[in-house]
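The values are calculated or read from the model by the stated rules, or taken from the named source; none is laboratory data. Just so you know, these numbers come straight off a predicted model, no measurement behind them. Positions of Cβ are backbone-derived with ideal geometry, glycine not excepted, and every protein chain shown enters the neighbour counts.
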Ligand code: SF4
């Protein structure tokens, strides 16, 4: 049985790092049961997803992240007309959100990012642009531009919200080993807080299941909670398991007999996220691309209440060994969610509007 004072603190959104450490060793039915009860309290039985498209506009990158299977020195690079062609296709299928991210091009500066955003908005003023990871913002802000001015320019060009990617594990000791040239923890937090203060909401992510310890994951969750207390700018938290294939870090792990994260640990991570972030971040996403549809469905009983997007094209996870498809239809989302005993609803990026199949608006 979990201690009553721990349960009280958790329900109040005040569980401590010590409570969380204790929960990591709790019997799984108790851990999952608590996360599921908090999910019900926070968002009820509705499970959401969004009609969207990912566009990874280039696979070339000057980054050196050791977990990356996407970077390719001879890779592709889309021009604006190719990007617009993909947006047109997405809009025809009913997508409301376009997520554009790409490698870091040496000749890509703030103007280049703004040009992409402006071109899309000038043809599709209603589409929601969920783009520019904190690392891309940092890249755009180089040469003395500064993070705040870069974000103001990107927002002016049409940026609506940002993915909170490039977070990996927000502990510098780990970052130095897995992505030494990426922005550090303080810099990531600075980009995110500046965005939130400018009215650009973001998601928050964690990439777990490599060299980090459970304590590192807990530090990460508490940093996200602290930022949320300050800004209220996060829309959702997305646990992303590390994919160990076709990259340097994964090869090292596989070579030493570590086959990566297991399904149980995936579910534990989603449950811990729900518990630590309770009353602070309402939405915990289970990524069907990373987890596969069956485990993502089960995660709905371990604290998750969102399944991400229909996602035409998602090259980054696939390069690293994700086996799920590149597109899942709304009908299949509804099927999976219904079979989990929950009520499906299509949402917008900010979770400000939800529509159940058949057209019933739920809020
Ligand atoms: S993760 Fe992103 S920044 Fe890092 S090497 Fe890969 S494409 Fe570049």
Task: When residues of the stretch 64-82 are limited to those that are within 18 Å of residue 112 (Cα to Cα) and assigned to a loop (DSSP other than H, G, I, E, B), the one nearest to the ligand (Cβ to nearest atom) - done: 76
Open item on the list: Of all residues being within 11 Å of the ligand (Cβ to nearest atom) and assigned to a loop (DSSP other than H, G, I, E, B) in the stretch 162-180, which is nearest to residue 138 (Cα to Cα)? Just the residue, please.
Closed with: 166
TODO: Could you list, in sequence order, all residues of the stretch 126-161 that are within 27 Å of residue 68 (Cβ to Cβ), touching a strand residue (DSSP E or B) at 6+ places or on another chain (Cβ under 6 Å) and in a loop (DSSP other than H, G, I, E, B)?
DONE: 131, 132, 133, 159, 160
Open item on the list: Pull out all pairs, ordered by first then second residue, where Cβ-Cβ is under 7 Å, the residues are six or more apart or on different chains, the first lies in the stretch 64-93 and is in contact (Cβ under 8 Å) with a residue 24 or more places away in the chain, and the second is assigned to a helix (DSSP H, G or I) and more than 16 Å from the ligand (Cβ to nearest atom).
Closed with: 80/115; 80/116; 80/119; 83/116; 84/119; 84/120; 84/123; 87/120
Task: Filter result for the condition that a residue is more than 15 Å from the ligand (Cβ to nearest atom), exposed (fewer than 15 other Cβ atoms within 10 Å of the Cβ), without any contact (Cβ under 8 Å) to a residue 60 or more places away in the chain and within 26 Å of residue 181 (Cβ to Cβ), over 126, 111 - done: 111
Task: Candidate set: the stretch 40-63, residues that are in a strand (DSSP E or B) and away from the ligand (no atom under 16 Å from the Cβ); chosen: the one farthest from residue 85 (Cα to Cα) - done: 46
Open item on the list: I'm told residue 21 meets every condition in (1) surrounded by fewer than 19 Cβ atoms within 10 Å (Cβ to Cβ); (2) in contact with a helix residue (DSSP H, G or I) (Cβ under 7 Å, 6 or more places away or on another chain); (3) outside any helix (DSSP H, G or I) except one. Can you identify the failing condition by its number?
Closed with: (3)
Task: The lone exception for residue 156 - which of (1) within 22 Å of residue 54 (Cα to Cα); (2) surrounded by fewer than 19 Cβ atoms within 10 Å (Cβ to Cβ); (3) under 18 Å from the mean Cα position of the chain (by Cα) it fails - done: (3)
Open item on the list: Among the residues that make up the stretch 87-99, is at least one of them more than 23 Å from the chain's Cα centre (by Cα), part of a helix (DSSP H, G or I) and at pLDDT 95 or above?
Closed with: yes
Task: Conditions (1) within 25 Å of residue 69 (Cα to Cα); (2) modelled with pLDDT of 95 or more; (3) in a loop (DSSP other than H, G, I, E, B): number failed by residue 257 - done: (2)
- [ ] Determine, yes or no, whether residue 303 is within 16 Å of the ligand (Cβ to nearest atom) and either in contact with a strand residue (DSSP E or B) (Cβ under 7 Å, 6 or more places away or on another chain) or free of Cβ contacts under 8 Å to residues at least 24 places away in the same chain (or both).
- [x] no
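Quick one: how many residues across the stretch 46-58 are more than 19 Å from residue 349 (Cα to Cα) and surrounded by fewer than 20 Cβ atoms within 10 Å (Cβ to Cβ)?
First pass over the stretch 46-58, keeping only residues more than 19 Å from residue 349 (Cα to Cα): 57-58.
Cutting the leftovers down to surrounded by fewer than 20 Cβ atoms within 10 Å (Cβ to Cβ) gives us 58.
Number satisfying all stated conditions: 1.
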